[in-house]
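Participant: Supplied in C-alpha cells, the structure appears directly below.
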Amino acid sequence: MTLIALLAALAAGSPALAADAAAGKAKAQQCAVCHGPNGLATAPDAPNLAGQPALYVAAQLKAYRSGERKHEVMAVMAKPLTDADIDNLAAWFASIKVTAQLP
C-alpha cells in the first residue's frame with residue numbers, strides 16, 4: 001500500500017506522468033507562431049521546444065507566468081495558463097522525439 005501511495009505522489013508531482021499530452025497539443029496551437037507547429041522554432045529568437053524535458057518546460061512557463069522570468073511576449077502568453085495547461089503543454093513538447101545528425 002505504501003508503494004502505491006508513493007507512486008501516486010510522484011505521478012501527481014511530475015508533469016510528464018500526470019499530464020495529458022493530447023490536450024497539450026491542442027493548447028500548443030497558440031505557441032506555433034514562434035515555436036513552430038511541431039515545437040521546432042520558426043522565429044529566429046525563439047527556442048525549440050520539441051523534445052525538451054517536461055520539468056524544464058513547466059518550470060519555465062511557471063516562471064514567465066509569475067514574472068520571475070522576463071519576456072514581453074511570453075509573459076502575456078503564460079499569464080492565463082493554469083497549472084494543468086502548463087503540465088499538458090510540457091507533456092506534449094516532451095513527447096516529441098527529436099534526433100540529431102552529426103555533420
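Participant: Which residue is farthest from residue 40 (Cα to Cα), if the candidates are limited to segment 53-103 and must be assigned to a loop (DSSP other than H, G, I, E, B) and among the charged types (D, E, K, R)?
Facilitator: Filtering segment 53-103 for residues that are assigned to a loop (DSSP other than H, G, I, E, B) and among the charged types (D, E, K, R), the one farthest from residue 40 (Cα to Cα) comes out as 68.
Participant: Now for a different question. Could you give every pair whose Cβ atoms fall below 7 Å, whose first residue belongs to segment 30-45 and is open to solvent by less than 100 Å² (accessible area, probe 1.4 Å), and whose second residue is modelled with pLDDT under 95, counting only separations of at least 6 or pairs across chains?
Facilitator: So the pair list comes out as 34/42; 34/43; 36/42.
Participant: May I pose another question? Go over the candidates 8, 16, 50 one by one and state the one that is assigned to a helix (DSSP H, G or I) and either modelled with pLDDT of 95 or more or over 11 Å from the mean Cα position of the chain (by Cα) (or both).
Facilitator: So the residue among 8, 16, 50 that is assigned to a helix (DSSP H, G or I) and either modelled with pLDDT of 95 or more or over 11 Å from the mean Cα position of the chain (by Cα) (or both) is 8.
Participant: Look at segment 62-87 and say how many of its residues are open to solvent by less than 80 Å² (accessible area, probe 1.4 Å), among the hydrophobic types (A, V, I, L, M, F, W, C) and over 17 Å from residue 24 (Cβ atoms).
Facilitator: Matching residues across segment 62-87 total 3.
Participant: Among (1) more than 10 Å from residue 91 (Cβ to Cβ); (2) open to solvent by 60 Å² or more (accessible area, probe 1.4 Å); (3) among the small types (Gly, Ala, Ser), there is one condition residue 22 misses while meeting the rest; what is its number?
Facilitator: So residue 22 meets the others, but not (1).
The values are calculated or read from the model by the stated rules, or taken from the named source; none is laboratory data. As the structure is a computational prediction, the values presented were derived from the model and not from experiment. Because the Cβ atoms are built from the backbone with ideal geometry, glycine has one as well, and the counts that use them run over all protein chains shown. Note: areas computed on protein heavy atoms with side chains; ligands, DNA, RNA excluded. Shrake-Rupley method; radii C 1.70, N 1.55, O 1.52, S 1.80 Å.
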